[in-house]
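Chemist: The structure follows.
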Number of protein chains: 2
Amino acid sequence: MMQDTPRPRRARRLPTTEELRIWRDFIETAETLRSELTARLQSESSLSSGDYAVLLALSEAEGHRMRSSDLASHIDWERSRLSHHLGRMERRDLIRREECAADSRGAEIVLTPTGLQSFRQATVPHLSAVRELFVDALTHEQLIAAGDLAATLRARLSVSGRRRGSAAQTKAARSDDG
Amino acid sequence: MMQDTPRPRRARRLPTTEELRIWRDFIETAETLRSELTARLQSESSLSSGDYAVLLALSEAEGHRMRSSDLASHIDWERSRLSHHLGRMERRDLIRREECAADSRGAEIVLTPTGLQSFRQATVPHLSAVRELFVDALTHEQLIAAGDLAATLRARLSVSGRRRGSAAQTKAARSDDG
DNA sequence: CGCGGCTGATTGACATGTCAATTATGTAGG
DNA sequence: CCTACATAATTGACATGTCAATCAGCCGCG
């Protein structure tokens, strides 16, 4: 728990082969996990994980509606990404855009009955998949370690990643999957 | 700290709130990490992480050339993805396609001088970023835990993820970043 | 040879993401 | 009021991914 790195602490050494191996394993596994979950969601519900994130947020919102901006920051998406995605979801009748009374620049995003139904049908299978591929795959200790890793890495990202307005919030910034 | 989930152990229970929180933190952190690394690579080298994966493989190949198919399986990409990507890289003069003497269906992908130079310029900054955002962010124990998690999750993916031909190799299947 | 099936690779259609404008509306100060 | 700037959201151009279809060259077998 004590030694951070034993030796060449002075200069800007590069990662060792072993460190790189772990890095690749880690990032590729996370990526594979994400893509497997996405594929299952898609085949079971015809929803992408982006759709799911939007629908989840709306389903929890008061009146099943939300300002576009608030939605974007809630799920931690760039606004233009959300705008494009909402266009696609609107075409599929999952959401609807309405004018906002309070601020006529704004739009309110409203969950449609179709959208709500799709979301409800997707929920249980999706959460089951999360359980199967993540929660149940790990021991309790590993699960705790996963949370710990995430927190540690996020902390590092939040101090050094202050470049583009990307993600890297200090607090967990939910996005997709839930 | 002890009880995993006290009760409904029999049926197909869904993840608890806490388990879901960890899941979201984990997957979103990995995603943020990936996107931060990608953004740095892009701004420092005008290379995407896809470009980097391809260039890395070619730079290590004999004669800086490789059959398209071998390249695809080496970096664990779908062939059509690789084909599209190579088209874009060829336009930027990072790689070149040549006919394959042995099998005239085939193509050999060749690293151009421009491609090699771009890759060489990208390497050190990229590995430094990996060190900064991942390796150095973690204690030795956490690093080991990360490797352990990856292996465990990958094992689960490889047995249950046998659906589409996606990733989920049993062994670490390098893709981007390196 | 010549058919049939496998393999290597590309293509087209479309979903998804990013970045840099652009449009339109709010708001503060003179 | 009116200009200057900030904010809400969309748009366009383009990079990246997936899937299914296609095209062409290999190979085995009668």
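The values are calculated or read from the model by the stated rules, or taken from the named source; none is laboratory data. Just so it is clear, the structure is predicted and the values come from calculations on it, not from any experiment. Don't worry about glycine lacking a Cβ; one is built from the backbone with ideal geometry, like all the others, and counts go over all protein chains shown. To get the accessible areas, we keep the full protein, side chains included, count just its heavy atoms, and leave off ligands, DNA and RNA. Shrake-Rupley method; radii C 1.70, N 1.55, O 1.52, S 1.80 Å.
Chemist: What quantity of accessible surface, computed with a 1.4 Å probe and excluding non-protein components, is buried in total between chains A and B, in Å² to the nearest 100? Walk me through the intermediate numbers first.
Modeler: Values: alone 12590 and 12520 Å², together 18090 Å².
Summed over both sides, the interface buries about 7000 Å².
Chemist: Mind checking the per residue accessible area of the stretch B:38-122 for me, 1.4 Å probe, whole number of Å²? Walk me through the intermediate numbers first.
Modeler: Numbers: 4510 Å² over 85 residues.
It amounts to 53 Å² per residue over the stretch B:38-122.
Chemist: Can you list the copy-to-copy distances for B:A151, using a point 7 angstrom from Cα toward Cβ, in nanometres, shortest first?
Modeler: 2.5
Chemist: Considering only DSSP states other than H, G, I, E and B, which trypsin sites (Lys or Arg not before Pro) in the stretch A:26-126 qualify as loop sites with at most 10 other Cβ atoms within 10 Å? The partial results should precede the final answer.
Modeler: Working: sites: A:R34, A:R40, A:R65, A:R67, A:R79, A:R81, A:R88, A:R91, A:R92, A:R96, A:R97, A:R105, A:R120; in loops: A:R92, A:R105.
Passing sites in the stretch A:26-126 are A:R105.
Chemist: Which value, in Å² rounded to 10, gives the accessible area of A:M66 with a 1.4 Å probe and all protein chains present?
Modeler: Surface open to solvent at A:M66 totals about 30 Å².
Chemist: While we're on this one: In B, who owns the beta-carbon nearest the axis carrying B over to A, and how many Å from it?
Modeler: B:A30, 1
Chemist: When only C-alpha pairs under 8 Å and at least 6 residues apart count, what is the relative contact order of the stretch B:38-122, in percent? Walk me through the intermediate numbers first.
Modeler: On the way: 97 pairs, mean separation 28.0, N = 85.
Worked out over the stretch B:38-122, it gives 33 percent.
Chemist: How far apart are the A:E78 label points across copies, placing each 7 Å from Cα toward Cβ, in nm, shortest first?
Modeler: 2.3
Chemist: Computing the accessible area with a 1.4 Å probe over protein heavy atoms, can you report the carbon and sulfur percentage for the stretch A:17-160? Before the final figure, lay out the partial values.
Modeler: Values: 3040 of 6410 Å².
That fraction is 47 percent.
Chemist: Out of residues 5 or more away from B:R67 or on other chains, whose amide H comes under 5 Å of its own, with H placed 1.01 Å from N in the peptide plane?
Modeler: B:I109
Chemist: So, one more: Taking the Cβ of A:S69 as the center, what net charge do the other residues with Cβ under 15 Å away carry, scoring Lys and Arg +1 and Asp and Glu -1? Provide the component values of the computation, followed by the final result.
Modeler: Values: positive: A:R65, A:R67, A:R79, A:R81, A:R97, A:R105; negative: A:D70, A:D76, A:E78, A:E98, A:E99, A:D103, A:E108.
Residues near A:S69 contribute -1 overall.
Chemist: While we're here: Put the label 7 Å from Cα along Cα→Cβ for A:T17; what are its distances to the other copies, in nanometres, shortest first?
Modeler: Distances to the matching label points in the other copies: 4.9 nm.
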